[in-house]
Amino acid sequence: MASRVLRPADYATYALLLLGATAMLLPFAWMLSTSLKSGQAIFVMPPQLVPEEPTLDNYTRIFGTMPMGQFLINSIFVSVVSTAIMVLNCAMAGYAFARIKFPGREIIFYAYLATLMIPQQVTLVPLFVLMTWLDWGNTYQALILPSSFGAFGTFLLRQFYLKLPREVEEAAFMDGAGYVRIFFTIGLQLARPAIATLAVFSFMASWNAFLWPLIITSNQSMMTLPVGLSFLNGRYGTDWSVLMAGAVIGTLPIIAVYVFAQKYIIQGLATTGLK
Amino acid sequence: MDGVTGRGKYLALAVLLLPSLIGMGAFYILPVISSLVLSFSKWDLLTPIQWIGIGNYVRAVSDPAVQQALRNTLTFILGYLPAVVSIGLGIALLLNRRLKGRTIFRAIYFVPVVTSWVAVSLVWKWLLNPQYGLINWLLSLIGIQGPGWLFDPSWAMSGVILATIWKDIGFVTVIYLAGLQEIPENLIEASEIDGANAWQKFWSITWPLLAPTTFFVTTISLISSFQVFDQVFIMTNGGPVGSTTTMVQLIYKNAFGYGQMGYASAISWVLFALIFTVTLAQNILQKRMDRSDG
């Protein structure tokens, strides 16, 4: 299909796709460009997409006045740990729901599914009360634990195991292994495609999470990048070149992950979204 | 495979299922129940809790702020939903022509989806700046004097909608692309042999067969329309004069601004009721259409 002769309709398609792609990328280009301009250059009309005298001043300023490095570390730590917990507990529970028969299994599983119907905002106040009561405000566990469990992941893994033929596991069973050993030696490896999808979604959700971290952190040393950027927005409300430098710092890591994991993200979304 | 004895089975459940049960119980199920209980109370976290029956719900129904948030949500849905679905579908159709470079285009359209809302909101706030923003400058090139966007009560929501469409198009596109893959090639080929043009092919084959995808996309987008928060919090903080205030913002403000935990919980259940009703209506509608087709 790649080698066929291009028809007029194909040129029109390309033209439209290019126009759309420009609209998608222009805000990023504008963000990067503004972040490299001096305070005055951003008000020059007509706007320059390529800065005449590019400068890294805004980046030095932002790292000098805000603990951006700390925000970055917090975001990475929180996202990685909550993704790891999410993947492990969802795979274990998904395996248990798919393979072990026990009384009440259906009811518990439907209770899980029911949580999918309820918007997260419903749990905000009680979660905040719980964290205050535990004295967990401004702690990693408060940032990590509430986003480390979920019915979606459990459901995804359960469906995966249900479709998986049992032959391999049967053999291990004959050798006298129990469910736990079979899960850790065979089950976990077999579920790699589903785990990869869940890991990517969980990481992105955690990395971009805003409302909960906003509520539970007030101390700058505990803020994640989105909350830090929002704090920056409050302080430098009109200093666009500094704000855009912050936006670039907040955007680059996730785009790097995206370039690396693009296949899993798009295929995962396409396959899990519809089933 | 059920040869494992009772004891071994429950030991396995304790290891495999218990962590998830504890987590889901502590961070989902218990908070959901507590939230419902709290919604019948008046509580500022400091003084003793007071039980006020359905007082919070009565108040929510007549609260001008809630009414305004609902009106704003409706405006948002009307501006956002048809645009994001039709543009997303349009791009999916173009990408589905399987020309060279489609994966690169698909990847580009998806970049805003993975970017954090906070960063996106900052960029759009600057893009929509009335004097120095790129958008109004581009408009001036074609002789249009751009509006005050986020500073103008009658334009602020349009700015928020524009940013949200931009961010979500890639998501809709990818879901539609998956839906398009499911359409059997021979159906399209058969209609080509019958001499159908592209327009007829779309309306007689593609669009009806995409119905499940369209329902899925509209349901997801509707649900997210009721939950708008991040972009509004950064871009306008609900203003000017409340023109972009949303339900989630009211929950946030009442709970963490005014210390009204009970009232905030009640608003969150109103939000749930709205989302539940809309999802239910969508499902009923879909079933009815399935039946009339089959």
- With runs of 4+ DSSP H residues as the only contributors, calculate the mean residue ellipticity of chain B at 222 nm using -39,500 (n - 2.57) per run, divided by the residue total and rounded to the nearest 500. -21500 deg cm²/dmol
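Dividing the convex hull volume of the alpha carbon atoms of the stretch B:168-294 by its residue count, what do you get in Å³ per residue? If you can, show how the numbers build up before the last one.
Values: hull volume 17.4 nm³, N = 127.
Residue-normalised Cα hull volume stands at 137 Å³.
Mind sorting A:LEU19, B:LEU187, A:LEU225 by how few other Cβ atoms lie within 10 Å of their own Cβ, fewest first? Before the final figure, lay out each step's value.
Working: A:LEU19 10, B:LEU187 14, A:LEU225 30.
So the residues, fewest neighbours to most, are A:LEU19, B:LEU187, A:LEU225.
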- Query: In nm, to one decimal, how far is the A:ALA171 label point from the B:GLN200 one, both placed 7 Å along Cα→Cβ?
  - Reply: 5.7
- Item | Alpha carbon Rg of the protein assembly as shown, scaled by the compact-globule rule 2.2 N^0.38 Å | 1.03
- Query: Taking the Cα centre of each part, how many Å lie between the stretch B:144-171 and the stretch A:123-163?
  - Reply: 33
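Based on alpha-carbon atoms only, what is the radius of gyration of the stretch A:43-166 relative to the globular estimate 2.2 N^0.38 Å? List each step's numbers first, then the result.
Details: Rg = 22.3 Å, N = 124, 2.2 N^0.38 = 13.7 Å.
Expressed relative to 2.2 N^0.38 Å, the Cα Rg reads 1.62.
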- Cα extents of the stretch A:172-275 along the three principal axes, largest first (Å): 68, 30, 23
- Compactness summary of the stretch B:54-154: radius of gyration and Dmax from Cα atoms, Å, are 19.2, 61
- Query: Sorting A:TYR236, B:TYR176, A:TYR95 on the 10 Å Cβ count, fewest up front, what's the list?
  - Reply: A:TYR236, B:TYR176, A:TYR95
- How far apart, in nm, are two points set 7 Å out from the Cα along the Cα-to-Cβ line at A:LEU56 and at B:TYR10? 6.3
- Note on the structure: In terms of the charge dipole of the protein assembly as shown, which places +1 on Lys and Arg and -1 on Asp and Glu at the beta carbon, the residue among B:TYR80, B:ALA14, A:PHE155 farthest towards the positive end is B:ALA14
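Please report the net charge: other residues with Cβ closer than 14 Å to the Cβ of A:GLN40, K and R +1, D and E -1.
Details: positive: A:LYS37; negative: A:GLU52, A:GLU53, A:ASP57, A:ASP239.
Summing Lys and Arg as +1 and Asp and Glu as -1 gives -3.
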- Please identify, among B:LYS42, B:LYS167, B:LYS100, the residue showing maximal mean-square fluctuation in a Gaussian network model of chain B using a 10 angstrom Cα cutoff. B:LYS100
- Message: With equal scatterers on the alpha carbons only and no solvent term, can you work out the Debye log10 of I(q)/I(0) for chain B at 0.06 1/Å?
- Response: -0.30
- Note on the structure: Here the Kirkwood hydrodynamic radius of the stretch A:100-241, Cα-based and in Å, equals 18.4
- Message: Taking the alpha-carbon distance from B:LYS201 and a cut-off under 25 Å, which lysines remain once sequence neighbours fewer than 8 residues away in the same chain are dropped?
- Response: B:LYS100, B:LYS287
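May I ask you to derive the relative contact order of chain A, considering only C-alpha pairs under 8 Å and at least 6 residues apart, and to give it as an integer percent?
On the way: 244 pairs, mean separation 85.5, N = 275.
Here the relative contact order equals 31 percent.
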- Excluding same-chain residues fewer than 8 positions from A:LYS37, which lysines have a Cα within less than 19 Å of its Cα? B:LYS125
- For the stretch B:90-135 and the stretch B:190-211, what is the separation of their C-alpha centers, rounded to whole Å? 29
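In what sequence do B:VAL15, A:VAL129 fall when counting other Cβ within 10 Å, fewest first? Present the calculation step by step, with values, prior to reporting the outcome.
Numbers: B:VAL15 16, A:VAL129 19.
Lowest to highest Cβ neighbour count: B:VAL15, A:VAL129.
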- Message: For the pair B:ILE284/A:LEU26, report the inter-label distance in nm, with labels modelled 7 Å from Cα in the Cβ direction.
- Response: 4.4
- Query: Could you give the semi-axes, largest first, of the ellipsoid that matches the stretch A:60-102, computed as the square roots of 5 times the alpha carbon gyration tensor eigenvalues and rounded to whole Å?
  - Reply: 41, 5, 5
- Note on the structure: Yeah, chain A with a ≥ b ≥ c from its alpha-carbon gyration tensor (a/c under 1.5 is rounded, else prolate when a/b outruns b/c, oblate otherwise) is oblate
- Task: Equivalent ellipsoid semi-axes for the stretch B:6-51, as square roots of 5 times the alpha carbon gyration tensor eigenvalues: give them largest first, rounded to whole Å.
- Result: 36, 9, 8
- Query: At 4 °C and 1.567 mPa s, what whole-number value in µm²/s does Stokes-Einstein give for the translational diffusion of the stretch A:1-56, with Rh from the Kirkwood sum over Cα pairs?
  - Reply: 94
- Which of B:SER20, B:SER221, B:SER191 moves the most in a Gaussian network model of chain B with Cα springs under 10 Å? B:SER20
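With a ≥ b ≥ c taken as the square roots of the eigenvalues of the C-alpha gyration tensor of the stretch B:70-112, please select rounded if a/c is under 1.5 and otherwise prolate if a/b is larger than b/c or oblate if it is not? Intermediate results must be reported in sequence, preceding the final value.
Values: a/c = 7.47, a/b = 2.61, b/c = 2.86.
It is oblate, given that a/c is not under 1.5 and a/b is not larger than b/c.
Based on Cβ point charges of +1 for Lys and Arg and -1 for Asp and Glu, what charge dipole magnitude is obtained for chain A about its Cα centre, in debye rounded to the nearest 20?
On the way: 15 positive and 11 negative charges, 139 e Å.
I would put it at about 660 debye.
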- Task: Just report the Cα centroid separation between the stretch A:52-82 and the stretch A:86-102, whole Å.
- Result: 38
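About the Cα centre, and with charges only on the beta carbon of Lys, Arg (+1) and Asp, Glu (-1), how big is the dipole of the protein assembly as shown? Nearest 20 debye, please. All intermediate terms of the calculation are to be shown ahead of the outcome.
Working: 32 positive and 24 negative charges, 116 e Å.
Value, rounded to 20: 560 debye.
Read the figures in this text as sums done on the coordinates, not as results from a lab. Nothing here was measured: the structure is a model prediction, and the numbers come from that model. For neighbour counting, all protein chains shown are included, and Cβ atoms are generated from backbone atoms with ideal geometry for every residue, glycine included.
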